[in-house]
1. Using the Karplus curve 6.51 cos²θ - 1.76 cosθ + 1.60 with θ = phi - 60°, work out ³J(HN,Hα) for each residue of the range 28-33 in order, rounded to whole Hz, and write x for Gly and Pro.
2. So for the chain: antiparallel DSSP bridges make up what percent, rounded to the nearest 5?
3. Which order, highest average first, do 104-114, 25-35 follow once you tally other Cβ atoms within 10 Å for each residue and take the mean per peptide?
4. Given a cut-off of under 8 Å on Cα pairs at least six residues apart, what relative contact order in percent is computed for the range 1-156?
5. Step through the residues of the range 92-104 one at a time and calculate ³J(HN,Hα) from phi using the Karplus curve (6.51 cos²θ - 1.76 cosθ + 1.60, θ = phi - 60°), rounding each to whole Hz and writing x for Gly and Pro.
6. Sort out the exposed loop trypsin sites (Lys or Arg not before Pro) in the chain (DSSP loop, at most 14 other Cβ within 10 Å) and tell me the longest stretch that has none.
7. Can you check how the C-alpha radius of gyration of the range 42-192 compares to 2.2 N^0.38 Å, as a plain ratio?
8. When the Karplus curve 6.51 cos²θ - 1.76 cosθ + 1.60 is applied with θ = phi - 60°, which whole-Hz ³J(HN,Hα) does each residue of the range 64-79 get, with x for Gly and Pro?
Amino acid sequence: MGIVSSGFFGRGRRDDPALPPGQHLTDGFPVLSAGPTPRITPEEWEFTITTETGQVHRWSWTEFLALQQDDVSRDIHCVTSWSKLGTSWRGVSLDTLFESVESDCEFTMAHSYGGYTTNVPLDDLLDGKAWIAHEFDGEALEPAHGGPARLLVPHLYFWKSAKWVRGLEMLRQDEPGFWESNGYHMYGDPWREERYW
Ligand SMILES: Nc1nc2c(c(=O)[nH]1)N[C@H]1C(S)=C(S)[C@@H](COP(=O)(O)O)O[C@H]1N2
Ligand SMILES: [Mo]
């Protein structure tokens, strides 16, 4: 092989520039859930953004689907060390959902059906960085992967991408969610290996 770098041959190598440190590639799509899969029908599903003044912005499934839909392809990185490159999603950007929201808070808590929570700074949800996704690979998102809809914040470790998401709560101060209270990092940047405390 001599002077030829293995990374030259394409994606998926350990030295692939798309792979954050300590990650390896998977072709599958592992399911990681801290509890049972909640079964939420689109009819009962709703998404809310609740501000510090108690104002609640609410979207039914029909209203949510009527919003501008984005098709995005992103790499995802799980803290348990698998990464998946170029995953395809369809959903609504948080920029779209926040258009009507007025808040002075810098932090958010994502809440899921089933009780899961995870904290994400508002800056990490805006400017084309996050979506409420309801399709994966051109198909309705499977319940095991968070269907009807999940948060997708691909630039942070995948535990921040709350499955079965039902709302965002605006917070004046950062607070730990479920995994963050159990040893995971408050922010979770895969490029800085912010895995645990
Ligand atoms: N509601 C909820 N969201 C969740 C989780 C969970 O247990 N419950 N697990 C997180 C973790 S640790 C990971 S790695 C990803 C896994 O998503 P997947 O099962 O679609 O691969 O979902 C995240 N979102
Ligand atoms: Mo995870």
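1. For the range 28-33, the Karplus curve yields x, 9, x, 9, 10, 9 Hz.
2. Around 85 percent of the beta bridges assigned by DSSP in the chain are antiparallel ones.
3. The peptides rank, most packed first, as 104-114, 25-35.
4. That works out to 20 percent.
5. 9, 5, 5, 4, 5, 5, 7, 3, 9, 9, 10, 7, 9
6. Formally, the longest exposed-site-free interval is 40-171.
7. Scaled against compact globular proteins, the figure is 0.96.
8. Using θ = phi - 60°, the values come out as 5, 6, 7, 6, 4, 9, 10, 9, 10, 10, 9, 7, 10, 9, 8, 5 Hz.
Quick note: the coordinates plus some simple rules give every number you see, no bench work behind them. Note that the structure is predicted; figures quoted are calculated from it, not measured. Positions of Cβ are backbone-derived with ideal geometry, glycine not excepted, and every protein chain shown enters the neighbour counts.
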